[in-house]
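Engineer: Below is a structure I'd like to ask you about.
Derivation of every value follows stated rules applied to the coordinates shown; laboratory data play no part. Just so you know, these numbers come straight off a predicted model, no measurement behind them. In this analysis, Cβ positions are derived from the backbone assuming ideal geometry, glycine residues included, and neighbour counts consider all displayed protein chains.
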Amino acid sequence: MLRVRYYYYLLYLNFVVCIIEFTPKLIYSRRYTSSLSSSLISLIATCLLIMLLEKHMKPFPGQSIAQIMNGTLTHFFQKSLFFCCLVLSYGAGLIFLISYTQIIHRFICPDISFGLLFGVFLFFTVFVSLLDPKSTLFMLEIIVLFQIPVIVIMILLFLLDANIQVDFLVEASSYLLHWPSYQMIAAGAFLFSGYMNRLVFNEHLESSKPMKLLTIVFTVGLLLLLAYYFIPIGYFGLAGIGNDNDIWFTTTNSIRLPHFFIERFLVIFLIMQLGVSLMFVIICWHTSLQFLKQANLFNGGKLKWFWVSFLLVMSFVLWLYMNDSTVRNSLSWLLNIKLLFDIVLVFTIVRCARKRKAVV
Amino acid sequence: MTSIGVDASEVKNKKYAVVIKISMSKGDVKVIGSDFILLKVNCNSISDGLDQLRAMSDKKLEYGHVKILLFGEGVAKKDIAMAIDYFMRRPDIQKIAYLGIGKPNAYQLLKFKPKEEAVAGSYFFYTFQQSLKHSPYVYAVTLYDASRRIMTPGLDLTIPVMAFQGKDLQINQIALFDKKQLEVELSSEESKILKMLTSGLYNDTLSLKTSNGVYSVTTEKGKANYKITLSQGKPIVIFSIKLKGGLIERLDDAEVITEDIKNSLAKIAEQQIQKKVYELLIKLREENLDPIGFGLRYRSRHFDHSNDTESWSAFYPELDFKIQVKYKFKEN
């Protein structure tokens, strides 16, 4: 059993990756109406869901999701739930892999062909996601620990930058009084949706104290949320962030690192983000493979390699059919479904726990 | 490549003349690598120009080191927003590159070769980087700053102007833009005041005349704050400026400095600065330019944004200013 800090790493990784790659465009698209209020509400909503989940996962220490659901749900229902989980996490991983390859292609090596880059990343991530859960978590710890100082430095640089106009920030926060919308809440909830990984890694993670977990998640989440919402606005103003797809990379390209031998913060940020994003894809695909295993479809040599090669070919084929706009559209679809599905899963767990209690 | 210049083309049917400065530095720290090549091409778009320049050099042009973007006066007077937008969206150009207006054009300025510089073009870079405390006249404007000033209603673009003074370079004027083109070039005296109002002032000299003689006073530090309040339905901007005086130089048989003289000097300085600030603010209002960001400030203090841009553009021509200056001498 691993300590509960690995659970925090999962939450943190999910947040850091999602905020930077896709959601900014989506969240800033409604900056004049509902996005700020919706993001805050989604933080509160996810905190409630986390507490609900953690409280009801307590009776099942060290059990896998299939063991938890046995006795409450029929096998067919279990398998269809697992299938949905699998598709969602696989889709999230694929979309992020494609988008991150685009970013690397644009900023680091425009001379190498896109297909080659994608192929290398795909090959690497698929095989790493075959590692066993504990090694994945250890790898995650290293990457997150290296990434945290970069984020702290970024926030400090932002706070100390004399070029930031406070009026921009005040203007942005003056749009707080608007009704939230479902689309924006779903986008916000996606940032915090790392808690669903508990279902996969429950076998290897200690159960947590819900109240302590909640305070940490809420304070850190609020801090990061505000930082990520306001830092680009401080650099570009509310009107200036509308039409940029990679707003975070433009932002870090505008941050000057004083007293350091590299002047552009972008360089450091890109390299850190490379590790974090690939780790996120690995976790996503690892999750989908774990769900396959739970559904008893991943045992034995032949079946395993069938799925792996299926994953590789499928990703490559989907990539061929996905351009920039389909990637973005599919992401907003995925977000909308994922929030609903997460709520359904949490309540399924609640039901399982109730039933277990009644039996005991 | 260390700098890019964009001029209006002298050739008919061409829009721009793009100039690039390629450093011939060898990468050895001990050797000063200030040799450079200037390449110039006439073209219809900047991207077309940069492509043509690629064919004029045996080297791979690397845009990641561009630290200075210079615009000729001709381009600035026509349309600078498009060019800034292009550079902003190009991923390989640093958004912390500094902008400048070249007088008479960018080519002449890029040709300038100082006696000594670390890398070709670093002369401009260091001047701008230190301009906040180094120069009494201008503050540096980076690419991302320019872009946000173009996009945001109620905050207008300013860019420092570089010009030759004999054989040397001088950067002591600020050019004011509306959202698209150069409107006014402030005199160096006005630039000083604008700098004081926006980024603060460090070490500047005033010469003051009292009944006891003429003194030259160094202001060590100055900072301005303002707020916008409504009085009788009309907005009024209240500036409070705090200045700290340091060393006083006596001129023309002036009397020895005493506390009384210091007090009267402070009073005269306050009056003088108040007058200058008021004149500048009225000038900006008359030109309908807003480099300080009154419009943005007004907008940011409201919760109801349904028609604030319109109401502000109606307010601004009638805006009134109240200026409170506090001048204090350092104890010594």
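Engineer: Can you list, largest first and rounded to whole Å, the semi-axes you get for segment B:124-198 by taking the square root of 5 times each eigenvalue of its Cα gyration tensor?
Structural biologist: Sorted largest first and rounded, they come to 21, 13, 12 Å.
Engineer: Another question, then. Kirkwood hydrodynamic radius of segment A:226-310 from all distinct Cα pairs, in Å?
Structural biologist: Over segment A:226-310, the inverse of the mean reciprocal pair distance is 16.3 Å.
Engineer: With θ taken as phi - 60° and the coefficients 6.51, -1.76 and 1.60, list the Karplus ³J(HN,Hα) couplings across segment A:277-292 in order, rounded to whole Hz; mark glycine and proline as x.
Structural biologist: Running phi through 6.51 cos²θ - 1.76 cosθ + 1.60 with θ = phi - 60° gives 5, 5, 4, 4, 5, 4, 4, 4, 6, 4, 4, 5, 5, 5, 5, 4 Hz.
Engineer: Can you tell me what percent of all Cα-Cα pairs in segment A:30-69 are more than 14 Å apart?
Structural biologist: Tail of P(r) above 14 Å: 62 percent of Cα pairs.
Engineer: Compute the projected area of the convex hull of the Cα atoms of segment B:66-118, averaged over all viewing directions, and report it in nm² to one decimal place.
Structural biologist: Across all orientations, segment B:66-118 yields a mean hull projection of 4.3 nm².
Engineer: Could you work out the mean count of beta carbons from other protein chains within 10 Å of each residue's beta carbon in B:129-135?
Structural biologist: The per-residue average across the peptide is 1.
Engineer: Moving to a separate point now. With the calculation restricted to Cα positions, what are the radius of gyration and Dmax of segment A:66-128 in angstrom?
Structural biologist: My reading of the Cα-based Rg and Dmax gives 17.6, 56 Å.
Engineer: Could I ask something else about it? Which log10 I(q)/I(0) values does segment A:287-360 give at q = 0.15, 0.26 Å⁻¹ under the Debye formula, counting every alpha carbon as one identical point scatterer?
Structural biologist: One equal scatterer on each Cα of segment A:287-360 leads to -0.82, -1.08.
Engineer: OK, next. Measuring from centroid to centroid over Cα atoms, what is the spacing of segment B:260-332 and segment A:217-291 in Å?
Structural biologist: Rounded to whole Å, the Cα centres lie 37 Å apart.
Engineer: Give me B:Ser147, B:Ser231 ranked fewest to most by other Cβ atoms within 10 Å of their Cβ, as a rough exposure proxy.
Structural biologist: Least crowded to most crowded, the residues run B:Ser231, B:Ser147.
Engineer: What number results when the radius of gyration of segment B:199-257, computed over Cα atoms, is divided by 2.2 N^0.38 Å?
Structural biologist: It is 1.61.
Engineer: Report D for segment A:1-62 in µm² per second (integer): Stokes-Einstein, Kirkwood Rh on Cα pairs, 10 °C, 1.306 mPa s.
Structural biologist: Using the Kirkwood radius from Cα pairs, D works out to 115 µm²/s.
Engineer: Filter the cross-link list B:Lys133/B:Lys275; B:Lys21/B:Lys192; B:Lys14/B:Lys40 down to pairs whose alpha-carbon distance in this structure exceeds 22 Å.
Structural biologist: Distance filter (> 22 Å) returns B:Lys133/B:Lys275; B:Lys21/B:Lys192.
Engineer: Once a ≥ b ≥ c are taken as the square roots of the eigenvalues of the Cα gyration tensor of chain B, is the result rounded (a/c under 1.5), prolate (a/b larger than b/c) or oblate (a/b not larger than b/c)?
Structural biologist: oblate
Engineer: Mind checking the mean number of beta-carbon atoms from other chains within 10 Å of the Cβ atoms in B:13-23?
Structural biologist: Shielding by partners across B:13-23 averages 0.
Engineer: What translational diffusion coefficient, in µm²/s and rounded to a whole number, does the Stokes-Einstein relation yield for chain A at 20 °C and a viscosity of 1.002 mPa s, taking the hydrodynamic radius as the Kirkwood radius over Cα pairs?
Structural biologist: After rounding, the answer is 101 µm²/s.
Engineer: Moving to a separate point now. Over all distinct Cα pairs, what is the inverse of the mean 1/r for the protein assembly as shown, reported as the Kirkwood hydrodynamic radius in Å?
Structural biologist: Radius from the Kirkwood sum: 28.7 Å.
Engineer: Would you mind giving the mean number of other chain beta-carbons within 10 Å of the Cβ of each residue in B:144-154, as a whole number?
Structural biologist: Shielding by partners across B:144-154 averages 6.
Engineer: Here's another thing I want to ask about it. What ranking of B:Tyr16, A:Tyr321 emerges when the number of other C-beta atoms within 10 Å of each C-beta is taken as an exposure proxy, fewest first?
Structural biologist: Ranking B:Tyr16, A:Tyr321 by Cβ neighbours within 10 Å, fewest first, gives A:Tyr321, B:Tyr16.
Engineer: Pop out the Kirkwood hydrodynamic radius of segment A:37-159 from its pairwise C-alpha distances, inverse of mean 1/r, in Å to one decimal.
Structural biologist: It works out to 18.7 Å.
Engineer: Based on alpha-carbon positions alone, could you give the equivalent ellipsoid semi-axes of segment B:165-242 from the gyration tensor, as √(5λ), descending, whole Å?
Structural biologist: The three semi-axes for segment B:165-242 are 27, 24, 11 Å.
Engineer: Please report Rg over Rh for segment B:3-185, where both radii come from the alpha carbon positions and Rh follows the Kirkwood definition.
Structural biologist: Looking at segment B:3-185, the ratio lands at 0.94.
Engineer: Just for the Cα atoms in segment B:152-286, what are the lengths along the principal axes, largest first, rounded to whole Å?
Structural biologist: Taking the Cα atoms of segment B:152-286, the three principal extents are 53, 52, 21 Å.
Engineer: Shifting gears a bit: With 32 Å as the limit, write out which pairs from B:Lys67/B:Lys227; A:Lys134/A:Lys338; B:Lys167/B:Lys330; A:Lys209/A:Lys355; B:Lys283/B:Lys326; B:Lys95/B:Lys221 have Cα-Cα distances beyond it, or answer none.
Structural biologist: Violating the 32 Å Cα-Cα cut-off are B:Lys67/B:Lys227; B:Lys167/B:Lys330.
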